[in-house]
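Shown next, in structure tokens, is the structure this report addresses.
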């Protein structure tokens, strides 16, 4: 990689790190481009060279956060060969990750309203929702005709549990509820 490309990547990484922290601490509405510029020491032109504006910067932060979540969930299910157990482990990993204030604010609270439901769902499809659908399909617990509907319902239940944890609820209670819900859902006749 040439020097110019390396500097560009370093600038993007710096902007993402600063913006992630600011969006997590102050939310989308409470974070200004000026605050990002002040902390980064970069010019407005440098920021706009990499990101078209605050929305694009937030989307890049969300994308990076979703990718990191995906890595952690894959790590949580590594080595688990039973599809139902892997689904449980992945769902519980997500509920635990919801305790992270960065994930709470960026993924659970701001993303749906900032991106809009359709764009947020499309991103979720590439990451956690896509993994959830694949895991649910692997269990063979749900007929193929109902897979998408059940995956949406399962995601809603898991996200509600994650939001309860994020709002200061008892993590152990939320985890137990998700585990019991999944046990019942995935019970084979």
Scan the helices (runs of 4 or more DSSP H) fully inside the range 1-98 and keep the ones with 2 or more residues being under 23 Å from residue 126 (Cα atoms) and more than 18 Å from the chain's Cα centre (by Cα). 3-26, 83-97
Which listed residue, of 177, 162, is free of Cβ contacts under 8 Å to residues at least 40 places away in the same chain, assigned to a helix (DSSP H, G or I), touching a helix residue (DSSP H, G or I) at 6+ places or on another chain (Cβ under 9 Å) and under 14 Å from residue 93 (Cα atoms): 177
Set 16, 22, 37, 62: member being under 13 Å from residue 102 (Cβ atoms), without any contact (Cβ under 8 Å) to a residue 24 or more places away in the chain and in contact with a helix residue (DSSP H, G or I) (Cβ under 7 Å, 6 or more places away or on another chain): 22
Test: residue in the range 181-189 that is touching a residue at least 12 places away in the same chain (Cβ under 8 Å), over 18 Å from the mean Cα position of the chain (by Cα), crowded, with 17+ Cβ neighbours inside 10 Å and closer than 15 Å to residue 73 by Cβ: yes
Find all pairs meeting these conditions: Cβ atoms under 7 angstrom apart; at least six residues apart or on different chains; first residue within the range 96-108 and within 12 Å of residue 163 (Cβ to Cβ); second residue modelled with pLDDT of 90 or more and surrounded by fewer than 16 Cβ atoms within 10 Å (Cβ to Cβ). 105/27
Within the range 65-88, residues surrounded by fewer than 17 Cβ atoms within 10 Å (Cβ to Cβ) and within 22 Å of residue 8 (Cα to Cα) come out as 67, 68
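The values are calculated or read from the model by the stated rules, or taken from the named source; none is laboratory data. As the structure is a computational prediction, the values presented were derived from the model and not from experiment. Reconstructed Cβ throughout: ideal geometry from the backbone, glycine too, with neighbour counts over all protein chains shown.
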